[in-house]
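The values are calculated or read from the model by the stated rules, or taken from the named source; none is laboratory data. In this text, all values refer to a predicted model and were calculated from it rather than measured experimentally. Here the Cβ positions follow ideal geometry from the backbone for every residue, glycine too, while neighbour counts run over all protein chains shown. Keep in mind that these areas ignore ligands, DNA and RNA; they rest on the heavy atoms of the full protein, side chains included. Shrake-Rupley method; radii C 1.70, N 1.55, O 1.52, S 1.80 Å.
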Amino acid sequence: MKILVAGIAGIGLASSVFAAQKLGEYQPQRPPEQVYAKVCGYCHGRNIGPILLGRKLPTDTIKAVARQGRNGMPAFRPTEVTHEELDALAIWISKSPARVEEHGK
Amino acid sequence: MNEFELNRRGLIGAGVLGAAMVGLASCDNKATLAPGVSKADFAGAIKAMRGVVGDEWVFGDADAVTPWKKNYIPDPEGRHLPVGAVAPKTVEEVQEIVRIANKFKQPIWPVSTGKNMGYGMATPATPGQIVLDLKRMNRILEVDPQLGTCLIEPGVTYQQLKDYLDENNIPLWIDVPTVGPIASPVGNTLDRGVGYTPYGDHFMFQCGMEVVLPDGQLMRTGMGSIEGSTAWQAFKWGYGPYVDGLFTQSNFGIVSKMGMWLMPRPPVYKPFMIRHDNMADVPKIIEAMRPLRVSNLVANCNLMMSASYQLAMFKRRNEIVPDGRPLDDDSVRKAAKANGLGMWNTYFALYGTEDTVAAIEPIIRAQLTASGGEVMTAAEMEGNPWFHHHQTLMQGGLNLDEIGLLRWRGAGGGLAWFAPVAAAKGAEAEAQTKLARRILDKHGFDYTAAYAIGWRDLHHIIALLFDKSDPEQEKKADACYRELVTSFGKKGWASYRTGVNSMELVAQQYGQVNRDFNKLLKNAIDPNGVIAPGKSGII
C-alpha cells in the first residue's frame with residue numbers, strides 16, 4: 001500500500017521534476033518519469049502497446065526490447081534514449097506499480 | 001544476409017530475444033558493403049569517425065547497429081540494412097564526417113530522428129551505408145514569439161519543441177505529422193510531410209536552412225548568408241535561384257539547421273467530423289470539400305478517413321472479421337457504426353475568433369449536409385477515441401495512436417505507405433479508390449486508406465498493413481506494393497513521397513529528363529556520391 005501511495009504521489013509531482021530544455025542548449029538527461037511520459041506512455045497503457053507498469057518486468061528485457069523494437073514497436077537508439085536514461089528507466093518501469101488509468105492488451 | 005535475417009527474426013518473439021542477442025554479439029559484420037568500398041575503406045572510415053565523435057558514438061558491428069535496422073517496410077531481400085551508424089553532436093563534427101566519407105568513398109545516410117514510420121525509419125535506400133544519425137544535435141536555437149518563427153537542429157522532436165513553447169508560455173502552435181512525439185520537424189519537412197493545422201504543408205512553412213555541402217562547406221540559404229540579417233526566418237526567398245527545395249527529398253547536402261514558421265494560437269478552435277455512410281460517397285465528399293479548401297474557408301489539410309483505417313488504429317482485424325476472411329464492407333460498416341463512425345469520416349477545423357467561426361460554420365454546414373454528410377462536433381463526439389485523435393492532431397497536439405495500425409494484422413508489425421497524388425476532383429478519387437481496392441484484394445490485403453485533402457490536391461494515403469513476422473506475407477506485401485506503384489503510374493498517378501523500398505521505382509515514373517537533371521546536379525555537387533545514394537532514386 002505504501003508503494004502504491006508513493007506511486008500516485010509520483011504521478012502528481014511528475015511534471016515538476018521533468019528536466020526542462022533551455023534555448024540554445026542540448027536536451028538535458030531526463031528522469032525516467034519524463035521518458036515514460038514523453039515516449040513510452042503514448043502507446044503503453046493506451047491500448048496501443050501492452051501495459052508495462054506493475055508487472056515487475058526484468059530490466060534486461062525492458063532494455064533489449066527498447067533497443068530492438070519488438071513486433072510493431074519502433075526501436076529506440078542510444079541517440080534518442082541514452083544508455084543512462086534507459087538504465088534508470090528500466091529500473092523505474094520494473095519497480096513502478098500499476099496505474100489505474102492505464103488500459104490495454 | 002544470414003546475420004541480418006537472424007537479427008530480424010530475433011526481434012519477433014519474446015522467447016528467442018535473449019538467444020538472438022547473444023548470438024549476434026559474437027557475429028562479425030559480414031554485411032554487404034557499398035559498391036567500390038573495400039573492407040579496409042570501411043574500417044578506415046569507422047576508425048576516422050571514432051576520432052571525431054568518440055568511440056561511444058560510432059556503431060560499426062552487427063550487434064551495435066541493431067537499433068538502426070528496425071523498419072516496418074517489406075524488405076524480403078534485406079537490401080535496406082545499414083552497416084554502421086555515427087552520431088555527431090555538432091555541425092563541425094558533421095563536416096568532418098563528410099570529409100571522411102569522401103576520403104574513403106563510404107556512403108552515409110543522414111537521418112534526423114529516424115522515425116519515418118512506414119517509409120523506412122532510419123534504414124537506407126541501398127546496401128552498405130553508414131547511418132549519419134543527427135538525433136544528438138537537438139538544440140532549439142531561436143524562438144521569436146512576435147514573428148512566430150523558430151530555428152532548430154535536426155534532432156529536435158516535435159515533443160521537445162512543444163514542451164519548450166508550453167514551459168515558456170509562448171502562445172504558438174506546432175504542426176505535427178501523425179507520429180509527432182518521436183519524429184522531427186526537420187526530417188518531416190525535408191521529406192515534404194504534412195500535418196493538420198493551417199500550417200500543415202510543412203515545406204511551405206519552412207524558412208531558411210543551414211546545409212553541410214558534400215565537400216564539407218557550410219552554406220546558409222535565403223537571408224542566412226547576409227551578415228547581420230535579422231530576416232533569415234522571416235523571408236523565404238533570399239536572392240537569385242531559390243535552392244531550399246534542392247535539399248528536400250534529395251541527397252545534395254545535409255541540413256544542419258532549419259527555420260520554421262509557427263502558427264499563433266487562435267482564440268477559437270472548433271474541430272468537425274463529417275460522417276458519410278457509403279464507400280461510394282468518395283466523389284461527393286471531395287466535390288463538397290474542394291471549394292471550401294480552394295477558398296480557404298476551411299484552412300487546414302483535411303483527413304478523409306475510411307472506416308477500415310480508423311478501425312485499424314484501435315482494433316484488431318480479427319475483431320471485425322475472422323482470420324483468413326476478406327474484410328467485407330458490411331462487417332466494416334457494422335463495426336464502424338458500433339464505434340460512432342461512418343464509412344468515410346472527414347475531419348477539419350475552424351480557427352479564428354468567435355465571430356469569424358460563427359460566420360463560416362453555417363456555410364460549411366450547408367455545403368456538407370447537402371453532400372449527404374452528418375456534421376458532428378465535440379458536442380456530439382465527446383469521449384470518442386477517433387474524434388479525440390483528430391481533435392488533438394488538428395491543434396498540433398501529440399499522440400502515437402497510429403502505431404496501433406501495426407497490430408491490425410498479426411503481431412509482426414508491417415506497414416508501407418503508398419501515397420499517390422491526384423488533383424482534388426471527385427471522379428479522380430473515385431477511380432483511385434477502385435484501382436487500389438482491386439490490387440489490394442488481389443494480393444489479399446485490406447484497403448485501409450485516407451485522403452488528405454490539400455489546397456487543390458489529394459494525397460491518397462494507403463496503409464499497406466501486413467504481418468512482417470510471416471516471410472510469405474512480407475513477399476506478398478512487396479509484390480503488392482510494386483503493383484500499386486506501377487498500375488497507378490500507368491494512369492498518371494505517382495507518389496508524393498515514398499519509402500526506401502520503392503525510391504528507384506517511383507523515380508522512374510517521373511521521367512528520364514528529370515532523372516538526368518538530378519544526376520547532373522548530383523555529379524556536380526557530390527562527385528564521390530557519398531551522401532545518401534539512392535534517395536529519391538538519385539545515385
request  = Could you grab the pairs with beta carbons closer than 6 Å, sequence gap of 6+ or different chains, first residue in the stretch A:39-64 and away from chain B (no Cβ under 11 Å) and outside any loop (DSSP other than H, G, I, E, B), second one aliphatic (A, V, I, L, M) and open to solvent by 20 Å² or more (accessible area, probe 1.4 Å)?
outcome  = A:THR59/A:ILE91
inquiry  = I need every pair where a residue in the stretch A:21-38 that is within 11 Å of chain B (Cβ to nearest Cβ) and at pLDDT below 95 has its Cβ under 9 Å from the Cβ of a residue that is outside any loop (DSSP other than H, G, I, E, B) and surrounded by fewer than 12 Cβ atoms within 10 Å (Cβ to Cβ), sequence separation at least 6 or different chains.
reply    = none
remark   = Checked the stretch B:36-65 for anything modelled with pLDDT of 95 or more and within 17 Å of B:GLY78 (Cβ to Cβ); matches are B:VAL65
query = When you go through B:GLN391, B:GLN367 one by one, which is the residue that is crowded, with 17+ Cβ neighbours inside 10 Å, in contact with a strand residue (DSSP E or B) (Cβ under 6 Å, 6 or more places away or on another chain) and part of a helix (DSSP H, G or I)?
reply = B:GLN391
request  = Would you check if B:ASN296 is open to solvent by less than 10 Å² (accessible area, probe 1.4 Å), modelled with pLDDT of 95 or more, within 22 Å of B:ALA349 (Cβ to Cβ) and among the polar types (S, T, N, Q)?
outcome  = no
query = With respect to the numbered conditions (1) among the β-branched types (Val, Ile, Thr); (2) within 14 Å of another protein chain (Cβ to nearest Cβ); (3) outside any loop (DSSP other than H, G, I, E, B), which one is the sole condition not fulfilled by B:THR189?
reply = (2)
ask   = Would the stretch B:168-175 turn up any residue that is more than 17 Å from the chain's Cα centre (by Cα), at the interface with chain A (Cβ under 8 Å from one of its Cβ atoms) and open to solvent by 10 Å² or more (accessible area, probe 1.4 Å)?
value = no
query = Does B:ARG316 qualify as being within 14 Å of chain A (Cβ to nearest Cβ), of a type outside the set (A, V, I, L, M) and open to solvent by 10 Å² or more (accessible area, probe 1.4 Å)?
reply = yes
message = Looking at the stretch B:211-234, can you tell me whether even one residue there is within 24 Å of B:THR498 (Cα to Cα), open to solvent by less than 50 Å² (accessible area, probe 1.4 Å), in contact (Cβ under 8 Å) with a residue 60 or more places away in the chain and within 17 Å of the chain's Cα centre (by Cα)?
response = no
task = Please give the number of the condition B:ARG437 fails out of (1) away from every other protein chain (no Cβ under 14 Å); (2) in contact with a strand residue (DSSP E or B) (Cβ under 6 Å, 6 or more places away or on another chain); (3) open to solvent by 10 Å² or more (accessible area, probe 1.4 Å).
result = (2)
request  = Go over the candidates B:GLY410, B:GLY396, B:GLY372 one by one and state the one that is assigned to a loop (DSSP other than H, G, I, E, B) and crowded, with 22+ Cβ neighbours inside 10 Å.
outcome  = B:GLY396
